[in-house]
Structure formats: C-alpha cells, structure tokens
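Read-outs: derived from the displayed coordinates by stated rules, not from any lab. Everything numeric here is computed off the predicted structure, so don't read it as measured data. In this analysis, Cβ positions are derived from the backbone assuming ideal geometry, glycine residues included, and neighbour counts consider all displayed protein chains.
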Amino acid sequence: MFLEILLRILPLFLGILVGFFCSSWSRFKNAEPGISAFVFFVALPALLFILTAQADLSQGIPAAVTLAVTLGTLVYWALVWLFFWITNKRNDTVDLSSSMGAAFGNVSYLGIPLVMGILGPVGYLPAVIVQLIHNIIFMVGYPLIHGILTPEGSGSRSRQFGRALKGSLLKNPIMWAVLLGFAVNFIGWPKDGPIIEFAELMSAAASPAALFAVGLGLRPSFQAIRGGELKLGPVAFATVAKLALLPAITFVAILAVGQPLFAMGNGQEWIFTILIMAGMPTAGTAYVLATSTKGDANLVAATILGTNLFAALTLPLLATLTLS
C-alpha cells in the first residue's frame, strides 16, 4: 500500500520540483507572486466553490471534525511555542513566528490535491472543511496573538482583533468561495451553465499552478537560509514536530473528542483528511507572516524547505498508516 500511495503522491511533488528548478530560470525570476496571487484569488476559490457546490451534504459536517482539528492544532501549537519560548530566551516575536512556522501546514496548495488524489470524490468535502479550519486558526490567530503580545498592540486588543478579522477572514477569498458553494448547494442552483463552466475551467488550473508556485517559493527560502546564521537543532525540531508530532497529537485529539467519527459511514474519510492535513509541510505563507511581523524568517524558511523535502516520504507513510 505504501508504494501505491507513494506513486499517487509523486506527481504532486514532481510539480513542486519542476517549480523549484524553474525558479533559477530568468523567465520565472519574479513569477511566484503573480502565480500565487492567481491561485489564491482565482483558481483555488473556483476549485473550492465547485467542490462545495457539488458536495454531498446529506450526512452533514460532523461537529467532531471541528473539535478534533481545533483541539489538536492548538495544543500542538502551544507546546511548540513553549519549546521555543524556553530555548529562545523568551523573545515573544521570535518564539511566536518560530512556532507558527512549525505548525502552519500547506493545507490548501498541497493538502487539497493530495486528499483528492487519494480519496477521490468522497474526499472533496473533508478536504475543503479541514483546510478551512487550519487556515482560520493561523491566518486569524497568528496576527491576533502577535498584536496582543507586541507593545504596539498591547493597548488595543479589540482593534487588533478587528483588524485580524477583517484582513484574514472578511477579505479571504477562500472562505467566501466555500460559503458561496454551500449557498449554491443548498438552494439547488443548476450544476451547469456558463458560471459553473467558468468555475470548472479556472479550478482545473488550481492544482498545477499551486504546486508550481510552491516550488518557485522554495528558492527564496533556500536563499534566506544561506543568508542567515541558523542552528541545526531548532530547524530539526521544527521539521520533525511538524511532520510527526502534529499528526500524533491530532490523532489523540480525535480519540478524545472525535469518537463519533469512528461510527459514521463516511467517518474514515474525515479521519484520513484530518490526519493528512496535520502532516502537511509548512506553507510558504508562514514565511510571509514571519517576515511581516519581524519574526525569525530564516528559521521559518529553513522549516519550509526541510518539511517539504522530508514530506515526500512522511506523507505516504502517514497515509498508509491511516488507511490501514
């Protein structure tokens, strides 16, 4: 089974590898921001809209999914944060960015194609929901916590919360695409016509463009590592923790609050998706967030590179263990 899953996942990492090689070509020197913007604002929302609009909602979305993902992710994030807080001489900004880099997985650009490739149509809805929960936790939680911890935001928590909510949720095309897809699903909008066909056309570009953009984004991460002084210990810890410890803690969270999933007819698909999303390598967005908040961007860049390298082996292993 391991070899079968590895062969299914291999094309995804080949897409990343092609992007990495092309990043050294002058034609693609400044291409990553534009391609990533196209994926984030056009192709990925179109894909999420189609998947949600055409999903089978007859069994609903189990509350245990939200509980398990949230509990497992937050407990893990807190533990990793504590580790960096102890080892980094209690530097709040650096500790927070380092822990975020060891926790924020690439659930959208890599997670969705991977789950879809292994589970097929039954994994569409779980992939959409689980990635949305992860993105909300980090794209809202990180700016909010940073604003509270730093002196600039310590006196205006409500303002920091409002800014994080507006910037990361209300202006997030991923969230609105999912909500719009649910609305179309509920009202029974015709699943054909020019609007749906346009969304399907754009969604077809989501996976290849996203994987290519991930590969392009690894070059700046590699350069950031070479430009700064890094200790191997924190990088190794962040890499191992992201790929192994987060899935393990998430599994414990499923056992603690997700017991109903084991009795559901489609519970296996939800459990598989939750664990696979937990095992995703660090997202390139983590580097952007760390840089914008003056955190340890070099450590985050090294974590991105390390987790993406080793995920080619850990993800097939995790998928095999989960399915068996």
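Summary of computed values
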{"quantity": "Using alpha carbons only: equivalent-ellipsoid semi-axes of the chain, gyration tensor based, whole Å", "calculated": "29, 23, 22"}
{"quantity": "Net dipole in debye of the chain [+1 Lys, Arg Cβ; -1 Asp, Glu Cβ; about Cα centre; nearest 20]", "calculated": "820 debye"}
{"quantity": "Dipole axis of region 181-324 (+1 Lys, Arg; -1 Asp, Glu on Cβ), positive-most option in Pro208, Asn308, Pro194", "calculated": "Asn308"}
{"quantity": "Cβ crowding within 10 Å averaged over residues, with 278-284, 73-79, 98-104 ranked highest first", "calculated": "98-104, 278-284, 73-79"}
{"quantity": "Radius 15 Å from Cβ of Ile112, net charge of other residues (Lys, Arg +1; Asp, Glu -1)", "calculated": "0"}
{"quantity": "Selected from Thr303, Thr150, Thr250 as most flexible by GNM, with the chain as the system and alpha-carbon contacts under 10 Å", "calculated": "Thr150"}
{"quantity": "Full-extension gain in nm, Glu197 to Leu14, via 0.36 nm per residue minus C-alpha separation", "calculated": "63.0 nm"}
{"quantity": "Whole-Hz couplings from phi, Karplus 6.51/-1.76/1.60, listed for region 66-73; x for Gly and Pro", "calculated": "4, 5, 5, 5, 5, 5, x, 5"}
{"quantity": "Computed [θ] at 222 nm, helices only, for the chain once each DSSP H run of length n ≥ 4 contributes -39500 (n - 2.57)", "calculated": "-23500 deg cm²/dmol"}
{"quantity": "Charge dipole magnitude, Cβ of K and R +1, D and E -1 - region 212-324, Cα centre, debye nearest 20", "calculated": "260 debye"}
{"quantity": "Gyration tensor (alpha-carbon) shape descriptor, region 1-150, a/c threshold 1.5", "calculated": "oblate"}
